[in-house]
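The structure appears below as structure tokens.
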Amino acid sequence: MAISPPPIDCPCTRVECERHGNCPACKESHRNRGYLPACDRPKDADGNMVMPVLGNYLITQVAIIVRDIEATKKKFAAFFGVEPPATILAGEYNVIQTVYMGNPAPKAGCKLAFFNAGPNVSLELIEPNGEQSTWQDFLDKQGEGIHHIAFGVRGMDEKVAACKQLGMICTQRGKYGDGSGEYAYMDATADLKCFIELLESYPQE
């Protein structure tokens, strides 16, 4: 099949792409993957294309801190018209290796419950266990409410550094309860009015 030439003002050079020259299909594909095609990216003062700080802008999770996860999950289940999800623990310290404000935090923990809120998006409920953590800090200072939005990333250390360059503070890091990935909470409340969670799932062998 012959490849159509792109529009005269299209900056795309990937002539091998099956969507090359098909602007609607190209834009839809890019947006589904969480970033804009070259023709839609804003440019900085030097004319360079601006890329998402995390490499994409697909929200994978919205999380709410609660005092009583059992009561709250029943309320959400009734609202969604679904069965309440299981409540799970964050995990054992020897696996999750929680670090809070740069120091090991073996007592930090929480209860979790997840609702499927759409394609590749979950609503997470978090009940802190009373020990010092980014979750408990939020509950003590702000009360119940939305704590963070989460994004999947590749290259955790690099993405944490990129967020720090924007003035965010890394308050907590650790691994998933089953050790299959890692997370980092970035305090972005000064500018973005919430925390940002970075999630990196390790490749499955």
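Tell me which residues, restricted to region 131-152, are over 17 Å from the mean Cα position of the chain (by Cα) and surrounded by 14 or more Cβ atoms within 10 Å (Cβ to Cβ).
Glu131, Gln132, Ser133, Gln136, Asp137, Phe138, Leu139, Glu144 - these are the residues of region 131-152 that are over 17 Å from the mean Cα position of the chain (by Cα) and surrounded by 14 or more Cβ atoms within 10 Å (Cβ to Cβ).
Could you figure out which of (1) under 25 Å from Pro106 (Cα atoms); (2) of a type in the set (A, V, I, L, M); (3) loosely packed, with under 14 Cβ neighbours inside 10 Å isn't true of Ala188?
Failed condition: (3).
What residue, among those in region 153-185 that are among the basic types (Lys, Arg) and touching a Phe, Trp or Tyr at 6+ places or on another chain (Cβ under 9 Å), is surrounded by the fewest Cβ atoms within 10 Å (Cβ to Cβ)?
Within region 153-185, the subset among the basic types (Lys, Arg) is 154, 159, 164, 173, 175.
Remaining after also requiring touching a Phe, Trp or Tyr at 6+ places or on another chain (Cβ under 9 Å): 159, 173, 175.
Details: Lys159: 20, Arg173: 22, Lys175: 18.
The qualifying residue surrounded by the fewest Cβ atoms within 10 Å (Cβ to Cβ) is Lys175.
Within the group Glu158, Glu127, which residue is among the charged types (D, E, K, R), more than 15 Å from Ala184 (Cβ to Cβ), out of contact with any Pro (no Cβ under 6 Å at 6 or more places or on another chain) and modelled with pLDDT of 95 or more?
On the way: Glu158 fails: more than 15 Å from Ala184 (Cβ to Cβ).
That would be Glu127, the only listed residue that is among the charged types (D, E, K, R), more than 15 Å from Ala184 (Cβ to Cβ), out of contact with any Pro (no Cβ under 6 Å at 6 or more places or on another chain) and modelled with pLDDT of 95 or more.
I need every pair where a residue in region 38-65 that is modelled with pLDDT under 85 has its Cβ under 7 Å from the Cβ of a residue that is of a type in the set (Asp, Glu), sequence separation at least 6 or different chains.
Val50/Asp44
Listed residues Gly130, Gly179; which is closer than 19 Å to Met101 by Cβ, of a type outside the set (S, T, N, Q) and assigned to a loop (DSSP other than H, G, I, E, B)?
Working: Gly179 fails: closer than 19 Å to Met101 by Cβ.
None of the other options fit; the residue is Gly130.
Would you confirm whether or not region 133-143 contains a residue that is of a type outside the set (D, E, K, R), in a strand (DSSP E or B) and at pLDDT 95 or above? Even if it seems obvious, please write down each step before you answer.
If we filter region 133-143 for residues that are of a type outside the set (D, E, K, R), which is where we start, we get 133-136, 138-139, 142-143.
Adding the requirement that they be in a strand (DSSP E or B) leaves none.
Among the residues of region 133-143, not one is of a type outside the set (D, E, K, R), in a strand (DSSP E or B) and at pLDDT 95 or above, which makes the answer no.
Inside region 146-176, can you point out the residues that are touching an Asp or Glu at 6+ places or on another chain (Cβ under 8 Å) and aliphatic (A, V, I, L, M)?
Within region 146-176, Ile149, Ala150, Val153, Met156, Leu166, Met168, Ile169 meet the criteria.
The values are calculated or read from the model by the stated rules, or taken from the named source; none is laboratory data. This structure is a prediction, so every number in the text was calculated from the model and none was measured. Virtual Cβ from ideal backbone geometry, glycine too; neighbours counted across all protein chains shown.
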